Amino acid sequence: MQDGVDEDDAFEIVDDKGQGAPRVISIREIFQPSDSTFVSVHMETCHTCNGTKIKGQLVHCQGCSLSYHRNCLGFRSGREHMVTKVGEEDFVLQCRFCIGVHGKKDRVAPKYGACQDCHADGKACAAFSSKKTARQEEKLRDENGGVDPITPVSETLLNNAELVLFRCKSCHRGWHLKHLPPHGDGPTKIGTDLRAEQLKDYSIDWLCNDCGLMTQKIHRLVAWRPTQQSQPSANPIPLSCCIRK
């Protein structure tokens, strides 16, 4: 599936070395359709506007269950999400929660790219590429025949439904599907495909138990606190949220 160039495919590069109007470079980011298995572990609505695929192509995060309209990703030079070219006319998305944008702004911010139960990082959450300025991207294109260079990424990390973390659409914490607690007040499930059963239950509203069982609307998250009381460490400590009703 190839979408035409729109306003979100272009950004402005200002050349201050000479006179004249700034050059506008048109950049094509093409997101290939994902297979049904990968799509099934993602939300069917955009996390930005809450619209469905009727409003446009939904792009699915490689590391978690969030989806976004292609046009809701924002301008390439200013977005917080990571978009990486992994093949000819093939770009993939990693959302800002997976790649740890919050941790770069605040060292005690929660680690959204890790499972809340086992604390292991999501295998497809680490950024596939690094953030570059518009001038750096232009230089790389000039060295690559005028097109974005392909970033080598292991095939096992791409469009792999087994690696996708469930992410609560409210508090944004993540879990491996098999590590999610029983949904709601239901009993602990025992079966051969626990992961599929958990996905079936949690994909009803894409909310974790803490958020789903709230009787009142969450006003705001007021703080995060360490889940483990220990001596200060240079390594990030998994955090849980305090919610004010």
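So the values come out like this:
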{"item": "From the options Lys123, Lys111, Lys169, residue that is farther than 20 Å from Ile30 by Cα, charged (D, E, K, R), within 12 Å of the chain's Cα centre (by Cα) and surrounded by 14 or more Cβ atoms within 10 Å (Cβ to Cβ)", "result": "Lys169"}
{"item": "Matching residues, region 144-166, being closer than 17 Å to Glu88 by Cβ and either modelled with pLDDT under 95 or over 14 Å from the mean Cα position of the chain (by Cα) (or both)", "result": "Asn144, Gly145, Gly146, Val147, Asp148, Pro149, Ile150, Thr151, Pro152, Val153, Glu155"}
{"item": "Long-range neighbours under 7 Å by Cβ, at least six apart or interchain, first residue in contact (Cβ under 8 Å) with a residue 40 or more places away in the chain within region 65-81, second crowded, with 20+ Cβ neighbours inside 10 Å and of a type in the set (Lys, Arg)", "result": "Ser65/Arg167; Leu66/Arg167"}
{"item": "Candidate set: region 206-221, residues that are closer than 15 Å to Arg173 by Cβ and loosely packed, with under 15 Cβ neighbours inside 10 Å; chosen: the one modelled with the highest pLDDT", "result": "Leu213"}
{"item": "Residue satisfying all of: in region 57-75; assigned to a loop (DSSP other than H, G, I, E, B), of a type outside the set (S, T, N, Q) and within 13 Å of the chain's Cα centre (by Cα); farthest from Thr151 (Cα to Cα) among these", "result": "Leu66"}
{"item": "Matching entry among Ala126, Ala134, Ala196 (being within 18 Å of Phe97 (Cβ to Cβ) and small (Gly, Ala, Ser))", "result": "Ala126"}
{"item": "Residue under evaluation Asp8, criteria (1) in a helix (DSSP H, G or I); (2) modelled with pLDDT of 90 or more, criterion not met", "result": "(2)"}
{"item": "Qualifying residue in region 76-91 (condition: touching a helix residue (DSSP H, G or I) at 6+ places or on another chain (Cβ under 9 Å), under 30 Å from Ile204 (Cβ atoms), among the small types (Gly, Ala, Ser) and not in a strand (DSSP E or B))", "result": "no"}
{"item": "Enumeration of residues in region 13-50 that are closer than 12 Å to Tyr68 by Cβ and either crowded, with 18+ Cβ neighbours inside 10 Å or at pLDDT below 95 (or both)", "result": "Phe31, His42, Met43, Thr45, Cys46, His47"}
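The values are calculated or read from the model by the stated rules, or taken from the named source; none is laboratory data. Since this is a predicted model, take the numbers as computed values, not measurements. Neighbour counts are summed over all protein chains in view; Cβ atoms, including those assigned to glycine, are modelled from backbone coordinates with ideal geometry.
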